[in-house]
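The structure under discussion appears below in the form of structure tokens.
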Amino acid sequence: MRTYRERSVSMDAGTTAEKASTVSPVASDATTMLPVTALVCTRNRGDSMLAAVASLLRSDYPEFEVLVVDQSTNDETARAIAPYLECERLRYLRSSTRGLGRARNIGIAAAKYDIVVMTDDDCEVPPDWLRHMVACFAHPNVAVAYCNVLAAPHDSHVGFVPDYVRQGEQLLTRVRDKCRPDGIGAGMAVRRPFIEALGGFDEMLGAGARFTAYEDVDIALRALLRGYYVFETDRTAVIHFGFRTLEEGRDLTSRNYYGIGAGLGKLIKCGQWRVLPVLCYVFWHAIMAPCLTHLIRLRKPPVLRRFLGLIRGMYHAMRMPVDRSRLQFGRER
């Protein structure tokens, strides 16, 4: 039986994330040598987020910085990271704001470099992760990139770790290409000038915001709608340690589909009907297909939370003001 383990916070010890390193060669063109900012957004994690920072600082990339944006309501994270701020590669920003979309925007604005890679504060990355993520931007029109996110060892009988695993690489050039690929923010990267042209992440989406998820997918859909490209790779992966119990998983499902419904509902309200195939794909594969499968087997369909979350999110999105030029939510009235 696999068991969930506590992560080490040693700044020089080895890490499970090294298992995600690939032996395949990385392209050696000039794009892969662009300087890069590695962004970690955190809130009330205390010293548990140091493992993510430590793994980034062990990167073998020639020129990079690690930027931490801390939205904590206490000083535990600030105290935990203080001894490591002597490292010239590491920068720390404290913010009284709330919401992951807003934290990502703060980090992008403060980043030294135009390629900004992002992972979560409960993840670890392999030493060559930055090389592979920067290589995703070889095409000059790529605005957003995703990699695989692997679940850390855990006991699947009592819970799970959210992950995302794909096979092969894919360049997405149209909105309907985003139906099946579903990269997540724990392993993503953006090209700052393009993201700034889009108006940044929608700050009404994401953990801690009004709508509690989907800021990481919404930015890709908006990029595709504005003519930019999205790239997904399986050449590298981060290790995710965000274990959830089965009960926590049910709550997470409700929040995620609430965010999905809100994000897609907002784009439809903005008149972006090209996202309808994405909505139809979500509705069929996440709700209808599992429902039919379980009914055929005379089992209770486990999709009610998904359905209610999706419908609630779309309903509330339709009642919110939107900025059609940026394809974002406007300010709440």
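Details
- Within segment 98-121, residues that are in a helix (DSSP H, G or I) have Cβ atoms under 9 Å from residues that are crowded, with 22+ Cβ neighbours inside 10 Å and aromatic (Phe, Trp, Tyr) in these pairs: Leu100/Phe201; Gly101/Phe201; Arg102/Phe201; Ala103/Phe201; Arg104/Phe201; Asn105/Phe201; Ile108/Phe201, counting only partners at least 6 apart in sequence or on another chain.
- Check on Tyr281, among the hydroxyl-bearing types (Ser, Thr, Tyr), more than 30 Å from Ser55 (Cβ to Cβ) and touching a residue at least 60 places away in the same chain (Cβ under 8 Å): yes
- Failed item in (1) of a type in the set (Val, Ile, Thr); (2) in contact with a strand residue (DSSP E or B) (Cβ under 6 Å, 6 or more places away or on another chain); (3) at pLDDT below 95, with Thr173 passing the rest: (3)
- Candidates Asp75, Asp60: the one that is surrounded by fewer than 15 Cβ atoms within 10 Å (Cβ to Cβ), without any contact (Cβ under 8 Å) to a residue 40 or more places away in the chain and farther than 27 Å from Leu205 by Cβ is Asp75.
- In the set (1) surrounded by fewer than 23 Cβ atoms within 10 Å (Cβ to Cβ); (2) at positive phi; (3) of a type outside the set (D, E, K, R), Gly99 fails one condition alone, (1).
Condition check ((1) of a type outside the set (D, E, K, R); (2) over 29 Å from Ala223 (Cβ atoms)) across all residues:
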| residue | (1), (2) |
| --- | --- |
| His294 | yes, yes |
| Arg299 | no, yes |
| Pro302 | yes, yes |
| Gly309 | yes, no |
| Met314 | yes, no |
| Ala317 | yes, no |
| Leu327 | yes, no |
| Gly330 | yes, no |
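- Residue check, Leu276 over 16 Å from Phe211 (Cβ atoms) and either assigned by TED's automatic domain parsing to the domain that holds Ile219 or surrounded by fewer than 17 Cβ atoms within 10 Å (Cβ to Cβ) (or both): yes
- Of everything listed in (1) of a type outside the set (Val, Ile, Thr); (2) within 22 Å of Asp70 (Cβ to Cβ); (3) at pLDDT below 95, the single unmet condition for Lys178 is (2).
- Scanning segment 183-208 for residues that are farther than 17 Å from Leu327 by Cβ and surrounded by fewer than 17 Cβ atoms within 10 Å (Cβ to Cβ) gives Pro193, Gly208.
- Residue match in segment 108-124 (condition: basic (Lys, Arg) and within 15 Å of the chain's Cα centre (by Cα)): no
- Filter result for the condition that a residue is more than 17 Å from the chain's Cα centre (by Cα), basic (Lys, Arg) and either surrounded by 23 or more Cβ atoms within 10 Å (Cβ to Cβ) or more than 20 Å from Glu248 (Cα to Cα) (or both), over Arg104, Arg176: Arg176
- Extreme residue, farthest from Trp129 (Cα to Cα), among residues of segment 158-169 that are surrounded by fewer than 16 Cβ atoms within 10 Å (Cβ to Cβ) and in contact with a helix residue (DSSP H, G or I) (Cβ under 9 Å, 6 or more places away or on another chain): Val158
- Sub-7 Å Cβ pairs linking a first residue in segment 192-206 that is more than 12 Å from Gly263 (Cα to Cα) to a second residue that is among the hydroxyl-bearing types (Ser, Thr, Tyr) and buried (at least 20 other Cβ atoms within 10 Å of the Cβ), at least 6 apart or interchain, are Phe194/Tyr228, ordered by first then second residue.
- For Pro83, the test of being assigned to a helix (DSSP H, G or I), surrounded by fewer than 16 Cβ atoms within 10 Å (Cβ to Cβ) and not small (Gly, Ala, Ser) is passed.
- Of the helices (runs of 4 or more DSSP H) entirely within segment 232-333, those holding at least 2 residues that are within 22 Å of Phe201 (Cα to Cα) and not small (Gly, Ala, Ser) occupy 246-269, 276-283, 304-318.
Yes/no per residue for (1) touching a strand residue (DSSP E or B) at 6+ places or on another chain (Cβ under 6 Å); (2) within 23 Å of Ala317 (Cβ to Cβ); (3) free of Cβ contacts under 8 Å to residues at least 60 places away in the same chain; (4) aliphatic (A, V, I, L, M):
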| site | (1), (2), (3), (4) |
| --- | --- |
| Ala223 | yes, yes, no, yes |
| Tyr229 | yes, no, no, no |
| Gly242 | no, no, no, no |
| Asp251 | no, yes, yes, no |
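The values are calculated or read from the model by the stated rules, or taken from the named source; none is laboratory data. If you're wondering where the values come from, they're calculated on a predicted model, not measured in any experiment. Because the Cβ atoms are built from the backbone with ideal geometry, glycine has one as well, and the counts that use them run over all protein chains shown.
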